[in-house]
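Each remark here refers to the structure printed beneath this line.
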């Protein structure tokens with residue numbers, strides 16, 4: 001079981017909302033909307049995705065990494081390294 005399983009429906013709902021935002025962005029481009037308005041919507045969509053990513057990271061740390069820490073050893077080291085690499089990817093994006 002993954003750490004986000006208990007909030008799976010909420011995450012799915014948020015991602016469907018973001019999907020709608022992306023479709024709206026495509027429509028804005030098709031309709032030749034003002035570039036600043038498109039950029040504003042891109043920023044809002046990016047923030048929404050970042051919010052989902054941070055929530056998932058929090059769930060991962062609180063569940064998967066914490067569980068691995070109780071096991072200790074190489075499993076714990078691998079989970080910490082994996083989380084660190086994921087955080088680095090999020091920071092770079």
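How far, in nm, would the chain grow between residue 32 and residue 92 when pulled straight, counting 0.36 nm per residue and subtracting the alpha carbon separation?
Extra length available between residue 32 and residue 92 comes to 18.6 nm.
Which of these, 20, 73, 62, has the largest mean-square fluctuation under a Gaussian network model of the chain (Cα springs below 10 Å)?
Top of the fluctuation ranking is 73.
Distance in nm between label sites at residue 21 and residue 7, each 7 Å beyond Cα in the beta-carbon direction?
1.6
Where does helix 35-59 land angle-wise versus the long Cα axis of the chain, in degrees 0 to 90, nearest 10?
Compared with the principal axis, the helix lies near 20 degrees.
Students often get this wrong, so try it: which of [x] 1.06; [y] 0.97; [z] 1.14 is Rg/Rh (Cα atoms, Kirkwood Rh) as calculated from the structure shown?
[z]
Compute the angle between helix 8-30 and the longest alpha-carbon principal axis of the chain, please, reported from 0 to 90 degrees and rounded to the nearest 10.
The angle comes out near 30 degrees.
Measure nothing but the geometry: give the 0 to 90° angle between the long axis through the Cα atoms of 73-92 and the longest principal axis through the Cα atoms of the chain, rounded to 10°.
Orientation of helix 73-92: about 20 degrees from the principal axis.
Name the residue, out of 52, 65, 22, whose mean-square fluctuation peaks in a Gaussian network model built on the chain with Cα pairs under 10 Å.
22
Taking only Cα atoms and a 10 Å spring cutoff, compute GNM fluctuations for the chain and point out the largest among 29, 18, 42.
Looking only at 29, 18, 42, the largest GNM fluctuation is found for 29.
Quick note: the coordinates plus some simple rules give every number you see, no bench work behind them. Please read these numbers as outputs of a predicted model, since none were measured by experiment. Positions of Cβ are generated from backbone atoms using ideal geometry, with glycine treated the same way; all protein chains shown enter the neighbour counts.
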